[in-house]
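What follows draws every value from the coordinates through simple rules; no lab data is involved. Computed from a predicted structure; not experimentally measured. Note that each Cβ is placed from the backbone with ideal geometry, even for glycine, and that neighbours are counted across all protein chains shown.
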Number of protein chains: 2
Amino acid sequence: MTDQTIKADWIAVDWGTTHMRAWAMSASGSVLAEAVSDQGMGKLTRDGFEPALLDAVAPWLDGPTPIIACGMVGSRQGWVEAPYAAVPCPALPGGFVRAPTQNPDLQVHVIGGIKQTDPADVMRGEETQIAGFLARNKNWDGVICLPGTHTKWVHVSADEVVSFQTFMTGELFDTIATHTVLRHSIPAEGWDSAAFATGLSDAMARPERIAARLFSLRAEALLQDLSGPAARARLSGLLIGAELAAAKPYWLGQQIAVIGAGALSRLYVDALATQAAPATQVKGDAITLAGLTAAFRLLKG
Amino acid sequence: MTDQTIKADWIAVDWGTTHMRAWAMSASGSVLAEAVSDQGMGKLTRDGFEPALLDAVAPWLDGPTPIIACGMVGSRQGWVEAPYAAVPCPALPGGFVRAPTQNPDLQVHVIGGIKQTDPADVMRGEETQIAGFLARNKNWDGVICLPGTHTKWVHVSADEVVSFQTFMTGELFDTIATHTVLRHSIPAEGWDSAAFATGLSDAMARPERIAARLFSLRAEALLQDLSGPAARARLSGLLIGAELAAAKPYWLGQQIAVIGAGALSRLYVDALATQAAPATQVKGDAITLAGLTAAFRLLKG
């Protein structure tokens, strides 16, 4: 079977800043085909979204087809702005927004994000992963951690998002390692587990001293031949430790799920384990698709 | 009187990463002339230093002339590496290093930096400012704060540098404001004193939560129309507050001098005042020159 013979009953789309991923779905929720594109939201002007989507999904169309999309495609800089719902609310509170299309076969429904007033916070894309996780784990109460450029900690109870907090830990790591004086001491690759553990425990034990610890990486590289992999891993440990210290009101004494298959999510699981806070690691891609499927079912009512 | 008629008894040079500044000095320590160049250490390869210096000081030369230089010119990437002395030590422990020159009139002596083993730390350039401050304030004991890209807190007692700690606060501010998602919310200019005070007091009261507060600037800009100047000032308040919290073992109960004439130093003085820690603000340029003069006298024995 080739793509030319696949006709989708509906199409699921995860459209982020850097990439777009689409799945041709059957009515029963099976994946018939999959496409990945580098035409992320960040590269597109408003009228570029429809052609980019058609490039990926045209072979699957056979008449008007519902398309469910999540992620930055719904931001103010995206295809169409899909408003934020305010917590407390279900991960998918409904209120999908139709994106305008020339091609009548494209019936694009964009999922809105979630906002919180105090402290101010927003998510867009993660709500679909949370919905997917909850669809697979009925009646689950606890805290979901979604590591990434902007890591989210989300308190979920009674099938609602109660509160959440975003940490810029991933972006800070990249920025500090690339754009500050530490770039001379931190290589693009390399790891040292003991150095990660040292940074983590330092930052968790005395989080108020985080600002004092960064320059030591440069000084130790100059004076004590601190290795690049050790500097890189310790910076990561310091930043994740500071995050875990600040996020303690979220995870302490809670059931915890960490969403994401990669090494970063594994670091969070291991770090939480050192705090006697066992967490379950959940694969991210399948969860996103489960969330898009939940959204499709909600739409079809 | 023009530069052509000025002959220096000696020349003082402050040679940093981005700029070089030179003063033609009389034997008695008066400034006869001054030159500024954008040929900082960061732009020069090793054989570029002598021509860059000559461009600035050649008119002042009349036979072999002692030249005292401080700053990154003495780093491993500089003209000649001038080793670090270990604390506790005088701000100017001696051990100047001669830079190699083709022109025999240039007798260049480079001032070494200061290092600390635990926690690892280094300074290069600030030791000369500290020496200048101590030359003007005999028998001064207390803590000197030198705000900048890498702010230093230095404990001075009995005319020695006892310990010090570097904070990357200035560089973190620039990097976060320029290279992260906060760049969409933080303009290059603009200020809001109340927002600075809010960030400062938040970070000082709960420094362990610093990692949780950054993304709020983005979310408040999206949800609550937080102004650019307010976002910029609050980021500064958060970072300086986190620094003051971590540096508290330095400044608490101490006599404090903040070196630097600019608005940044004023922020530190005002921030310390909110903690009932009065600090004296001292002009930086004059202090550097006083330190280079002290170094010249030390060299001449």
query: Between Rg and the Kirkwood Rh of chain A, both from Cα atoms, what is the Rg to Rh ratio?
result: 1.02
- request: Could you state the angle between the C-alpha long axis of helix A:169-179 and the longest principal axis of the C-alpha atoms of chain A, as a value from 0 to 90 degrees rounded to the nearest 10?
  value: 70
task: Between A:SER216, A:SER75, A:SER163, find the one with the highest GNM mean-square fluctuation for chain A; connect C-alpha pairs within less than 10 Å.
output: A:SER216
query: Leaving out same-chain residues fewer than 8 places away, which aspartates and glutamates sit with a Cα under 16 Å from that of B:LYS300?
result: B:ASP9
- line: Output row for B:ALA58: copy-to-copy label distances, label 7 Å along Cα→C-beta, ascending, in nanometres, one decimal, is 6.6
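Let me check I've understood the local charge: for A:PRO249, count other residues with C-beta under 12 angstrom from its C-beta, Lys and Arg +1, Asp and Glu -1. What total comes out?
Combined, the nearby Lys, Arg, Asp and Glu give +2.
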- prompt: Once a ≥ b ≥ c are taken as the square roots of the eigenvalues of the Cα gyration tensor of segment A:105-162, is the result rounded (a/c under 1.5), prolate (a/b larger than b/c) or oblate (a/b not larger than b/c)?
  reply: oblate
- request: List the extent of the Cα atoms of segment B:3-114 along each of their three principal axes, largest first, rounded to whole Å.
  value: 43, 31, 23
- request: Per residue, how big is the convex hull around the C-alpha atoms of the protein assembly as shown? Give it to me in cubic angstrom, could you?
  value: 175
- request: Past 23 Å, Cα to Cα, is the threshold; run A:LYS138/A:LYS283; A:LYS152/A:LYS283; B:LYS115/B:LYS152; A:LYS115/A:LYS283; B:LYS115/B:LYS248 against it and keep the listed order.
  value: A:LYS115/A:LYS283
message: Can you compute the helix-only [θ] at 222 nm over chain B? Use -39500 (n - 2.57) per DSSP H run of at least 4 residues, normalise by all residues, nearest 500 deg cm²/dmol.
response: -11500 deg cm²/dmol
- prompt: How well do other chains shield peptide A:154-166, expressed as the mean number of their Cβ atoms within 10 Å of each residue Cβ?
  reply: 1
field: ³J(HN,Hα), Karplus 6.51/-1.76/1.60, whole Hz, each residue of segment B:33-46, x for Gly, Pro
entry: 6, 9, 9, 10, 9, 8, 7, x, 3, x, 9, 10, 8, 3
- line: Relative to chain B, whose Cα atoms define the longest principal axis, helix B:228-246 and its Cα axis are tilted in degrees, nearest 10, by 70
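Can you put B:TRP60, B:TRP251 in order of Cβ neighbours within 10 angstrom, beginning with the fewest?
Sorted ascending by nearby Cβ count, the order is B:TRP251, B:TRP60.
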- prompt: So how strong a dipole does segment B:181-297 carry about its Cα centre when Lys and Arg Cβ are +1 and Asp and Glu Cβ are -1, to the nearest 20 debye?
  reply: 240
statement: A correct fewest-to-most ranking of A:LEU235, B:LEU182 by other Cβ atoms within 10 Å would be B:LEU182, A:LEU235
Chain A: most fluctuating residue of A:CYS89, A:CYS145, A:CYS70 per GNM, C-alpha cutoff 10 Å: A:CYS89
query: If you take the alpha carbon radius of gyration of segment B:167-282 and divide it by 2.2 N^0.38 Å, what ratio comes out, to two decimals?
result: 1.04
field: Exposure proxy order (Cβ contacts within 10 Å, fewest to most) of A:GLU34, A:GLU243, B:GLU171
entry: A:GLU34, B:GLU171, A:GLU243
task: Can you tell me the 0 to 90 degree angle between the C-alpha axis of helix A:193-205 and the longest principal axis of chain A, rounded to 10?
output: 80
